Amino acid sequence: MVKNREKMKKSATLMSRLLMLSLVVIIAMGGATSCKSKKKLAREKAEAEYQAKVAQAKKDLTAMLNDETNWTLPEKQERLKTIKSYNIDDQDVKDLIVKVEAKLKEEERAAEEARLKKKEEEMSNKLRRKYQLIVYTLDNIAKAKNFDEANNQIEGALNLYATPDVPVLIIISKNKGYNDYDRPTTISKFMNYLKDTKKFNYDIESAKYNDDGKITELELIKK
């Protein structure tokens with residue numbers, strides 16, 4: 001009986017150890033499986049995010065290429081910069097990037113030309129307003145009804161100039177950046193010429209002023 005009890009005790013101990021070992025193996029296998037599942041999920045998530053970036057990049061690049069956005073040029077440039085930072089290994093995206101880069105450079109060039117043209121127009125308008133008084137006084141001398149009226153116009157107009165001997169340069173033609181001038185004259189002589197001919201067919205090319213705001217040189221061009 002004693003021997004039987006000892007055998008049964010040993011058998012129970014052995015069974016208990018086998019059970020514990022089985023549990024350890026099961027837990028270990030479950031942990032490994034769980035770890036593999038997490039890595040797989042992480043890979044799938046990363047791949048999904050990458051594919052979403054690729055799709056969105058293609059969409060945005062195509063829209064920029066076809067002028068289908070309301071983004072400003074700086075916004076387009078910033079979006080392109082962001083897409084390039086993704087380093088997407090997709091040939092369609094790479095090809096679109098090259099095309100959009102070329103298009104944005106052209107837009108940048110056109111925008112700069114428009115800015116310079118606007119600035120030039122603003123300067124021209126500013127100069128036109130500035131020269132308006134000069135044109136007005138000279139035109140009035142030419143349109144005077146008689147010599148007395150013309151002389152009065154001349155007397156008033158000379159107040160715009162530093163002296164009656166201010167040089168007047170008259171451009172008769174332009175060729176490859178060079179100007180051909182008529183014979184030099186002075187503002188008083190030119191005003192008397194207008195009085196005699198009764199015609200003022202010139203535009204103001206430029207005018208120089210002294211610190212008192214008086215004209216020191218006048219450059220005209222024949223219309």
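The values are calculated or read from the model by the stated rules, or taken from the named source; none is laboratory data. Since we're looking at a predicted model, the values are computed, not measured. Please note: Cβ atoms are built from the backbone with ideal geometry, for glycine as well, and neighbour counts cover all protein chains shown.
Summary table
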item	result
Of all residues making up the range 176-223, the number that are of a type in the set (Val, Ile, Thr) and under 18 Å from Arg129 (Cα atoms)	3
Selection count, the range 99-123, where residues are aliphatic (A, V, I, L, M), surrounded by 12 or more Cβ atoms within 10 Å (Cβ to Cβ) and out of contact with any Lys or Arg (no Cβ under 9 Å at 6 or more places or on another chain)	1
Within the range 169-191, tally of residues that are over 17 Å from Ser206 (Cβ atoms), modelled with pLDDT of 95 or more and either surrounded by 17 or more Cβ atoms within 10 Å (Cβ to Cβ) or under 46 Å from the mean Cα position of the chain (by Cα) (or both)	2
Residue within the range 158-168 that is in a strand (DSSP E or B), modelled with pLDDT of 95 or more and surrounded by fewer than 17 Cβ atoms within 10 Å (Cβ to Cβ) present	yes
Test: residue in the range 105-121 that is under 17 Å from Ile215 (Cα atoms) and of a type in the set (Gly, Ala, Ser)	no
Qualifying residue in the range 131-141 (condition: more than 46 Å from the chain's Cα centre (by Cα) and within 19 Å of Asn201 (Cα to Cα))	yes
